[in-house]
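Asker: This is the structure, below, for whatever I ask next.
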Amino acid sequence: MTTPKTGGIKGFESPGAEYTQSSLDLDSLLIEHPSATYFGLAQGDSLMGVGIFNGDLLIVSRALKPKQGDIIVANLNGEFVCKIFNIAQRTLEVTAANTKPHRIAEDDVFEIEGVVIRSVRLHKPLKETFSVRPG
Amino acid sequence: MVVLTNNDGQVVALCGIAKRLGLKKFVPYFQAKDQLVAAGAIVRSSNYELYADLSQRMMDTCARFAPEMHIYSIDEAFLFYGGYKPPGQTWYEHARLIRRTVWDEVRLPTGVGVGPTPTLAKAASHAAKRINGFRGLAVIDGDTVRRHVLSNMLVTDVWGIGKRIGARLNDLGIIDALTLSEQDPRRMRKRFSILVENTVLELNGEVRMSWDEVRSPKKEIFSTRSFGNRITERAELKAALAAHAEIVGAKLRRQASVAGAMMIFASNSPHDKTGFQRKSTHISFTIPTSDTRALLAAISSAMDQLFRFGIPYYRCGVGLLDISPMHRQQFDLFHPTPDDRGLMACMDSINGRYGRNTMHLAAKGFDQKFSMRREFLSPQYTTRWRDIPIIRCE
């Protein structure tokens with residue numbers, strides 16, 4: 001939270017304080033509902049058409065209700081999957097040309113875990129390692 | 001599924017199936033091991049980092065709904081509405097919305113009880129969970145429902161009535177909560193104490209409890225408060241947290257216990273237009289402690305993680321978790337306890353005699369090592385980058 005600068009002199013402020021005040025915080029920029037936001041790691045290439053690549057960091061919000069065409073994370077038969085949610089057709093879709101949409105069937109275990117609100121490409125490896133390296 | 005205590009010593013929590021198999025709480029793990037293997041049970045170590053994070057998420061979510069909140073334990077909070085009533089909703093609808101929101105955003109099943117006094121709210125929450133027909137939501141907003149709930153509760157289910165007082169009440173023929181509420185308050189005070197008198201009055205809708213007097217639950221001790229004026233300085237936030245640490249430390253020693261873990265949190269108001277900013281952190285003590293100096297050291301070491309310049313802090317607090325009786329503490333040959341019990345006892349007695357805060361501590365350095373035994377730890381999905389879940393895009 002930066003305070004808007006106003007002109008004029010107001011006493012002797014520490015020049016150092018200005019720096020701390022204006023340092024940018026990715027959390028507050030990217031995450032609106034911290035208590036409803038979760039992270040995951042994308043594994044696979046089927047959503048490259050919407051800009052999600054193998055090894056990307058996904059920021060998932062449970063504060064939003066999924067809308068037609070949103071990218072969602074769901075529990076599908078015991079596995080966390082990332083798909084494009086076609087509510088109208090009740091299908092889960094990807095952008096890879098060779099994969100057909102998955103129609104959600106009666107006997108599927110299907111629970112929406114949240115809406116993907118951001119994805120982060122890690123162009124260089126992180127200092128922190130993930131326990132499972134994506135494929 | 002069963003969960004073990006710190007250091008995988010004992011069974012501390014059981015799922016329904018495990019209970020029905022006749023497994024018991026507080027049995028040493030090595031004794032229960034064969035039975036657990038035979039039953040094909042899933043065994044997990046205590047994962048306080050995960051519990052503390054989910055607890056904070058739940059509390060942050062609940063805080064949005066009321067002007068004031070008091071965190072009572074890791075999984076319980078009181079929301080105070082004072083004169084405020086949520087617009088355009090009945091209390092039942094409001095309670096349902098809270099429950100729904102916590103499920104949607106945190107995926108925790110909760111029960112919500114609403115009442116005109118803390119004791120009746122607690123009774124309603126008991127009803128929500130335990131009395132047939134309520135299914136997770138109960139509102140005590142009239143005499144019929146109040147009588148129905150209280151007549152279905154034992155006196156020992158009433159908040160503040162322990163086993164000993166419960167047994168003495170039973171001797172007088174007072175078995176259920178409704179009968180307790182019909183007693184003459186002054187007579188109860190003479191026979192028992194002002195606490196029982198207050199309970200009787202609260203069961204009849206008269207507010208008597210103030211948060212400073214409320215006894216902490218045995219398993220976790222929390223101290224939390226919102227500030228009258230927003231805090232923006234690091235030193236002020238640290239001092240506020242230190243004050244909470246002294247309160248919980250004294251409560252912990254009063255019940256002759258030690259804590260294995262601590263959580264520390266600070267946030268602005270969820271209603272701030274600038275967005276909600278929250279930070280919380282969790283510390284595990286290699287040797288469970290009751291020494292205020294260890295709690296203050298933990299706060300000092302957590303300040304870098306907690307404090308952000310420019311956030312107008314509205315609320316902060318600390319919670320002690322994984323509490324066990326001091327006399328049952330297992331000592332570790334390689335980590336002798338750093339606690340100075342004589343010093344703490346001396347401090348408590350000075351503060352007891354001359355008033356709280358007569359004597360307190362300045363924080364010192366922190367050199368906790370993390371060497372707890374946790375062989376069956378589940379991933380810390382929400383607090384450790386290494387443990388975040390893999391999501392398949394295949």
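The values are calculated or read from the model by the stated rules, or taken from the named source; none is laboratory data. No experiment lies behind these values; they were computed from the predicted model shown. Glycine also receives a Cβ, built like all others from the backbone with ideal geometry; neighbour counts cover every protein chain displayed.
Asker: Only one of (1) at pLDDT below 95; (2) under 21 Å from A:Phe53 (Cβ atoms); (3) out of contact with any Leu (no Cβ under 7 Å at 6 or more places or on another chain) is not met by A:Leu122, so which one is it?
Answerer: Condition not satisfied by A:Leu122: (3).
Asker: Answer yes or no as to whether B:Val106 is free of Cβ contacts under 8 Å to residues at least 40 places away in the same chain, touching a helix residue (DSSP H, G or I) at 6+ places or on another chain (Cβ under 7 Å) and crowded, with 21+ Cβ neighbours inside 10 Å.
Answerer: Answer is no for this residue.
Asker: Right, something else. Across region B:196-211, which residue is nearest to B:Thr224 (Cα to Cα) among those that are surrounded by 17 or more Cβ atoms within 10 Å (Cβ to Cβ) and among the hydrophobic types (A, V, I, L, M, F, W, C)?
Answerer: My answer is B:Met209.
Asker: Considering (1) more than 14 Å from chain A (Cβ to nearest Cβ); (2) crowded, with 20+ Cβ neighbours inside 10 Å; (3) among the charged types (D, E, K, R), say which one B:Arg57 fails and leave the rest.
Answerer: Here B:Arg57 meets the rest and fails (1).
Asker: For region A:29-73, give me each residue that is more than 9 Å from chain B (Cβ to nearest Cβ), over 24 Å from B:Ala52 (Cα atoms) and either part of a helix (DSSP H, G or I) or modelled with pLDDT of 95 or more (or both).
Answerer: A:Leu29, A:Gly49, A:Val50, A:Gly51, A:Pro66, A:Lys67, A:Gln68, A:Gly69, A:Asp70, A:Ile71, A:Ile72, listed by residue number.
Asker: If the requirement is being touching a residue at least 24 places away in the same chain (Cβ under 8 Å), surrounded by 12 or more Cβ atoms within 10 Å (Cβ to Cβ) and not acidic (Asp, Glu), which of these qualifies: A:Gly69, A:Gly55?
Answerer: Checking each option against the conditions leaves just A:Gly55.
Asker: Whether any residue in region B:86-101 is within 26 Å of B:Ser226 (Cα to Cα), assigned to a strand (DSSP E or B) and out of contact with any strand residue (DSSP E or B) (no Cβ under 6 Å at 6 or more places or on another chain) is what I want to check.
Answerer: no
Asker: Can you tell me which residue among B:Ala52, B:Ala38 is part of a helix (DSSP H, G or I), small (Gly, Ala, Ser) and crowded, with 16+ Cβ neighbours inside 10 Å?
Answerer: B:Ala52 is the lone residue from the list that is part of a helix (DSSP H, G or I), small (Gly, Ala, Ser) and crowded, with 16+ Cβ neighbours inside 10 Å.
Asker: Evaluate region B:263-284: report whether one residue or more is within 17 Å of A:Asp25 (Cβ to Cβ), buried (at least 20 other Cβ atoms within 10 Å of the Cβ) and among the aliphatic types (A, V, I, L, M).
Answerer: There is at least one residue in region B:263-284 that is within 17 Å of A:Asp25 (Cβ to Cβ), buried (at least 20 other Cβ atoms within 10 Å of the Cβ) and among the aliphatic types (A, V, I, L, M).
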